[in-house]
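The values are calculated or read from the model by the stated rules, or taken from the named source; none is laboratory data. None of the values given here were measured: they were computed from a predicted structure. Heads up, the Cβs are rebuilt from the backbone with ideal geometry, glycines too, and the neighbour counts pull from every protein chain shown.
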Amino acid sequence: MLNIARLNSAPEIFYSLQGEGTRCGTPAVFLRLAGCNLACKWCDTKHSWGNGILCSTGDVASLIQDFNCHSLVITGGEPLLQQAALTRLLALLPVGMHVEVETNGTLCPTPELEQRINQWNISPKLIHSGNPRDKALKPEVLAHFATLPQAWFKFVVQGEEDWPAIEALNLPPQRIILMPCATTRAALENARPAVVDMCLRHRVRLGDRLHLTLWDDKKGV
Ligand code: SF4
């Protein structure tokens, strides 16, 4: 069984455009799992923290395939809290489906799950998330992800003061993405210029948040 986030009394599985990362703009089915091991104060999916809806992997596979889309984004919450069920789900999906996982980078994937994932979007949480540092940043887990060529590291940043903590993690700079800290379109526009400056200064990639530009803070899109 998979515990899926509840939105408007239904399991949160929907079709949209990937709003972040290197595949920004790509049409994809989104599967949002319930439960998280962190509690970021600016989390834009707090509805996923509580009890979700339990669904069989077979039912979830059918719901995903109903969208007739060959790209799947698994998000949360923290998806790696449900690795065994996720691995069973992915075995039911067509070969060739492109699967991305959005994770906070605190848990290592099992080898069985790892081999089924095409792209990891890892978003380690910095001090302004409000989580205790030793709970939110697991250098040994991030070092493992850094060995995977299909892993990207997306940091939500507020300003230059965040850079030393990112640099200290010693991740491949060509796979670091900085994203403005924002949960609305207006906040995104306000926060973006400082992040553009950081990207130019440190020669890393800017990650915008297309879903905020398109839909502001609406859920389930
Ligand atoms: S890790 Fe992600 S889902 Fe969990 S609290 Fe932080 S932003 Fe929200």
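Observations on the structure shown:
- For the range 70-96, a residue qualifies if it is crowded, with 17+ Cβ neighbours inside 10 Å and closer than 19 Å to Thr22 by Cα, and the qualifying residues are Ser71, Leu72, Val73, Ile74, Thr75, Gly76.
- Residue within the range 3-12 that is within 16 Å of the ligand (Cβ to nearest atom) and farther than 23 Å from Trp120 by Cα present: yes
- Contact annotation: residue pairs with Cβ atoms under 8 Å, 6 or more positions apart or on different chains, pairing a residue in the range 26-49 that is farther than 15 Å from Lys218 by Cα and assigned to a loop (DSSP other than H, G, I, E, B) with a partner that is of a type in the set (Asp, Glu) and near the ligand (Cβ under 6 Å from one of its atoms), are Gly35/Glu78; Cys36/Glu78; Asn37/Glu78; Leu38/Glu78.
- Tally, over the range 192-214, of residues that are in a loop (DSSP other than H, G, I, E, B), modelled with pLDDT of 95 or more and under 17 Å from the mean Cα position of the chain (by Cα): 1
- Any chance Leu33 is within 16 Å of the ligand (Cβ to nearest atom) and either under 13 Å from the mean Cα position of the chain (by Cα) or at negative phi (or both): yes
- Residues in the range 141-155 that are out of contact with any Leu (no Cβ under 7 Å at 6 or more places or on another chain) and not in a helix (DSSP H, G or I): Thr147, Leu148, Pro149, Gln150, Ala151, Trp152, Lys154.
- Evaluated against (1) of a type in the set (Val, Ile, Thr); (2) surrounded by 15 or more Cβ atoms within 10 Å (Cβ to Cβ); (3) more than 23 Å from Ala5 (Cβ to Cβ), Ile117 falls short on exactly one condition, (3).
- Only residues that are touching a residue at least 60 places away in the same chain (Cβ under 8 Å) and either basic (Lys, Arg) or in contact with a strand residue (DSSP E or B) (Cβ under 7 Å, 6 or more places away or on another chain) (or both) were counted in the range 103-152, giving 5.
- Considering the range 50-78, the residues that are part of a loop (DSSP other than H, G, I, E, B) and within 25 Å of Asn37 (Cβ to Cβ) include one that is farthest from the ligand (Cβ to nearest atom), namely Ser56.
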